[in-house]
Amino acid sequence: MQPKIFSLIDKAIYDYKMIPEGAKILVGASGGKDSTLLIEYFANRMKRRNENFTFTALYIKTDFADEFSPKLKELFEKWGVKLEVLDVNTLERVKPGRKMNCFWCSMQRRKELNEYAARNGFTHVALGHHLDDALETLLMNMLNKGTLETMPPAMKYDKFPVTIIRPLYYVPVSAVIEHAESGGWKSQTCTCTYQENSGRKDVRKRLEVLTGGDDRQKKRLMLALKNIRQEYLP
């Protein structure tokens, strides 16, 4: 019997038509609980269905990140997943007078992921962003930019010949944590010294206050983006 959380991922993939026939998917493996869940899901899906797609896991190792967790490597091998590793020096890219920060580093890793996908003929890049990530991004854009936008579940890039997909779009972070704990994973988190520059932690707290930590209210917030009543807006 498959974990209940996989049904949520199945639904997001179906609703947004994320995996067409013959898709070649590159999965961003960070070593954290979100991407590990995504990789487990893909490995499980390949076994329980007659699928016409392939996937590869890629870890972008920056110059200040740890080696990928050996225990997670063993877990991937158990699932039948091969892990590719790409070494990237991000510190040398920081321009004089500028400081490293989480957002900039994330953009560099995303750029490397997309370029790797394009070079190697991948059609899709799968990222481990979940429901809470999308809502936090929504609030950050509203508060900081005055725009109503967030991470889309599927998006075709203009600059790269790949489509970004986020199969965990319906999955709240609480469900990811519960699943990771039940699986006994040892998550590898970012150990860089620049995390204090990120404003996401503050927005995360605001989201919890706004919803009272209730996953049902978080799902309603996301649902509101689909049920826009233009006549009642400026």
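The values are calculated or read from the model by the stated rules, or taken from the named source; none is laboratory data. Since the model is a prediction, treat every value here as computed from it, not as a measurement. When we count neighbours, we look across all protein chains shown, and the Cβ atoms used for this are built from the backbone with ideal geometry, even at glycine. Please note that ligands, DNA and RNA were not included when accessible areas were found on the heavy atoms of the full protein model with its side chains. Shrake-Rupley method; radii C 1.70, N 1.55, O 1.52, S 1.80 Å.
Please compute the length gained on full extension between ASP66 and LYS205, using 0.36 nm multiplied by the number of residues separating them and subtracting their Cα-Cα distance.
Residue separation times 0.36 nm, minus the Cα-Cα distance, leaves 47.3 nm.
Treating only the Cβ of Lys, Arg, Asp and Glu as charged (+1, +1, -1, -1), what charge dipole size does segment 3-142 show about its Cα centre? Round to the nearest 20 debye.
140 debye
Within the accessible area of the chain, what % is carbon and sulfur when the probe is 1.4 Å and the other protein chains stay in place?
Solvent-exposed carbon and sulfur of the chain make up 52 percent of the total.
Check the straight Cα-Cα distances from LYS11 and name the aspartates and glutamates below 19 Å, setting aside those fewer than 8 residues away within the same chain.
Output for LYS11: GLU21, ASP34, GLU40, GLU51, ASP132, ASP133, ASP215.
So who's got an amide H within less than 5 Å of the one on VAL171, skipping anything under 5 residues away but keeping other chains? H placed 1.01 Å off N, in plane.
LEU131
Given the Cα-Cα distance of ASN120 and ASP15 and 0.36 nm per residue of separation, how much length would full extension add, in nm?
35.0 nm
Can you tell me, using C-alpha contacts under 8 Å and at least 6 residues apart, the relative contact order of segment 1-65 as a whole percent?
It rounds to 38 percent for segment 1-65.
So how exposed is PHE55, as accessible area in Å² (1.4 Å probe, rounded to 10)?
The accessible area of PHE55 comes to roughly 40 Å².
Suppose only helical runs count, i.e. DSSP H with n ≥ 4. What mean residue ellipticity at 222 nm does that imply for the chain under -39500 (n - 2.57) per run, divided by all residues and rounded to the nearest 500 deg cm²/dmol?
It comes out at -14000 deg cm²/dmol, rounded to the nearest 500.
Could you sort out which of LYS17/LYS218; LYS61/LYS156; LYS95/LYS201; LYS47/LYS82; LYS24/LYS82; LYS61/LYS111 sit more than 18 Å apart by Cα distance in this structure?
Listed pairs above 18 Å: LYS17/LYS218; LYS61/LYS156; LYS95/LYS201.
Can you work out the FRET efficiency for the pair LYS47 and GLU84, with r the C-beta to C-beta distance and R0 = 22 Å, to the nearest 0.05?
Computed FRET efficiency for LYS47 and GLU84 comes out at 0.60.
First check a/c for the chain, with a ≥ b ≥ c the square roots of the eigenvalues of its C-alpha gyration tensor; if it is under 1.5, answer rounded, and if not, answer prolate when a/b is larger than b/c or oblate otherwise.
Rounded is the answer for the chain, as its axis ratio a/c remains below 1.5.
Students often check this: by mean Cβ neighbours within 10 Å, which of 162-169, 92-99 ranks highest, and how do the rest follow?
Going from most to least packed, we get 162-169, 92-99.
Can you order the peptides 60-67, 119-126 by their average number of other Cβ atoms within 10 Å per residue, highest first?
119-126, 60-67
Roll a 1.4 Å probe over the protein chains and send me the accessible area per residue for the chain in Å².
58 Å²
Which order do the peptides 46-52, 137-143, 209-215 come out in when sorted by mean C-beta neighbours inside 10 angstrom, highest first?
Ranked from most to least packed, the peptides come out as 137-143, 209-215, 46-52.
Identify, among THR150, TRP185, ILE9, the residue whose Cα sits farthest towards the positive end of the charge dipole of the chain, taking +1 on the Cβ of Lys and Arg and -1 on the Cβ of Asp and Glu, with the dipole about the Cα centre.
Checked the options; the winner is THR150.
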